[in-house]
Amino acid sequence: MTHPLATDLSLEEYKTLRALHRAVDDLLEESLRARENLTQTFRRCFPPILALTGARAVALTTRDEDLRTRTWQEGDWGGDFPGPLLDGAPGPQRIGDATLVTQPLDVAGDPVGSFGLLFSGDHTSPEASARALRLLDTIAEQLDTVLCLVHTASEKHQLIIQCNAHLANPVFEVGMDQAVLTLAQRVRVPSFLLLYRDAVRPQVLHYRLYRNGHLEFESGEQPSQDVERALRQHGHRLLSEEVSALRQLLPGRTTEAVLISGSASSEPLGKIAVACDEGFSAYTMDLLRVLASTLSQRLLDYNRERIHLSQFFPTSIIDALLQDPNYAQHLRAQDQEVGILFADINGFTRICEHGFDSPRNIGRFVDEWSARAVDCIWEHGGVFDKMVGDCVIGLFGPPFFKSSRRERAEAAVRAACDIQSLTARLGAREEVAALCERVKLPGLGVAVGVNLAHVNCGLFGPNRQYTAFSSGMNQAARLQSLAGFRETLVMASARDVLVDSTEPFIQGLRFGALTETPVKNVAQPLRHHRLDSLTP
């Protein structure tokens, strides 16, 4: 250890400093073993320091475990708070009838606080000042390291909290960008690559590539040729290969962390790869491990969100929803006028009873038809409400309600026409035609009801299913039940708004005369038109 004017040390003072050094070292070691906080540590150390130095009071300003600046004190400060006194220039200064001697605390040039002893009387002479400063320096040598450890741990904890808070952002991509930037502002991370699976389309991998904390490439609008080439060549092996091709994409020494779901049987959620010319310190590696763990949980939650929404919305709508931090407002229950479609396979009961030899084959048949029918709904901007038996229900307008009422009716009718066409094509397949012949049906057909009506729609029930309720929904269901083989019936409310349509497809449709059909338990008859055909 070095002391101010060390060449002037007497043997007695040297012994005093050695004893002080050992005493403070022992006290701090005991405090570390007991895992005490800073308040407990200073409560343990300050009284012996006063006794060994002959000082009247002691004070120390530094950041606490929450990185807030605090001043701890012990002894007689004459009723004054010593914090501001420690902020002045280091060295001795007279404070009334006493002398305050202060010294900054730092490790490798990194300031961690300031420390001061208050002595009774005048200690400003060169000899007395040098002795006081040697006492402070001896104590500071021990305090510097302890405070640096506390600050490093606290800063790491605060940084982790900040990254976690960013990752909690409802918009996953925004939160990820903020977390990486925050990390790069505190530690050197020249290259950072995130690669992760698409929850709805498992065959798709997404990526985000950062340079010095800033997004440089991503799999959407800013693709990287190098990453795209690696994806084509290696695919999902990039998530699991021990010697990863990702290392060739990042300059410098690369370290990787696989993002897992916590279930041994599950596929990896993704992977992060970081690179730096000099490699990474233990401090940075610890941060990266914690970030990988937090990111794994965030991806799990994000995937659950996407999978839940994928029951009702196509990928494009899910992407748009999850890019809005307040996307839940679009899913809350609200009253809106929407296009409604009910589509049910003709003669399905007869097909089930006489056409299939097992429930499994019935399920496969319904799966194929319904998946294609839902695609028709999604293709025209609709929402898949639910499936009741073999009846598929679609809503047009949700979740953003940006289209006009005419556009919603147009979308519902276009989807109805597409479902009719796909069902006819499916019925033309040899095995399906044979099935229809076996059960004495003229072919595979579908009965469709279309309506335009006010509903209350949103997420409902314990499973938070997107659905709608209103008499208009009941009307569409009854209309579908009235429809015959390969027939589409359209409520007058929908037909009336289509009159002003400028869409060539809609203009080419031909509707039958207005029909009124009495319905049981409904005061007013259903007023509807039959969609006859397309013009040649």
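Please treat every number below as a calculation from the coordinates, not as lab data. Just so it is clear, the model here is predicted, and its values are computed rather than measured. Counting neighbours? That spans all protein chains shown, and the Cβs are built from the backbone with ideal geometry, glycine included.
When you count, for each residue, the other Cβ atoms within 10 Å and take the mean per peptide, how do 299-311, 501-513 rank with the highest first? Let's see the in-between values first.
On the way: 299-311: 17.2, 501-513: 12.8.
Averaged packing, sorted descending, gives the order 299-311, 501-513.
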Normalised by the number of residues in the chain, what is the relative contact order in percent for Cα pairs under 8 Å and 6+ residues apart? 8
Which one, [x] 17, 30, 25, 15, 11, 3; [y] 22, 51, 22, 4, 0; [z] 23, 58, 18, 1, gives P(r) over Cα pairs in 20 Å bins from 0, in percent as derived from the coordinates shown? [x]
Which whole DSSP H helices in the chain pass both tests: a Cα extent of 18 Å or more along the axis and a mean Kyte-Doolittle value no lower than -0.5? 38-53, 126-167, 172-186, 282-309, 359-379, 405-427
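What does the helix-only formula give at 222 nm for the chain: each DSSP H stretch with n ≥ 4 adding -39500 (n - 2.57), the total divided by the residues, and the result rounded to the nearest 500 deg cm²/dmol? Don't jump to the answer; show the numbers that get you there.
Working: 16 runs with 234 residues, N = 536.
Here the helix-only value at 222 nm equals -14000 deg cm²/dmol.
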For the chain, the charge dipole (Cβ of Lys, Arg +1; Cβ of Asp, Glu -1; about the Cα centre) points to a positive end, and the Cα of Tyr207, Ile161, His529 closest to that extreme belongs to His529
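Below 8 Å between Cα atoms, with a sequence gap of 6+, how large is the relative contact order for segment 142-203 in percent? It would help to have the intermediate numbers written out before the result.
Working: 24 pairs, mean separation 13.0, N = 62.
That works out to 21 percent.
Summing Lys, Arg as +1 and Asp, Glu as -1, what charge do residues with Cβ under 11 Å from the Cβ of Ala199 carry, Ala199 excluded? Let's see the in-between values first.
Details: positive: Arg197, Arg201, Arg304, Arg306; negative: Asp198, Asp301, Glu305.
Summing Lys and Arg as +1 and Asp and Glu as -1 gives +1.
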Sequence-distant aspartates and glutamates (8 or more away, or on other chains) whose Cα lies within less than 19 Å of Lys15: Asp25, Asp26, Glu127, Asp137, Glu141
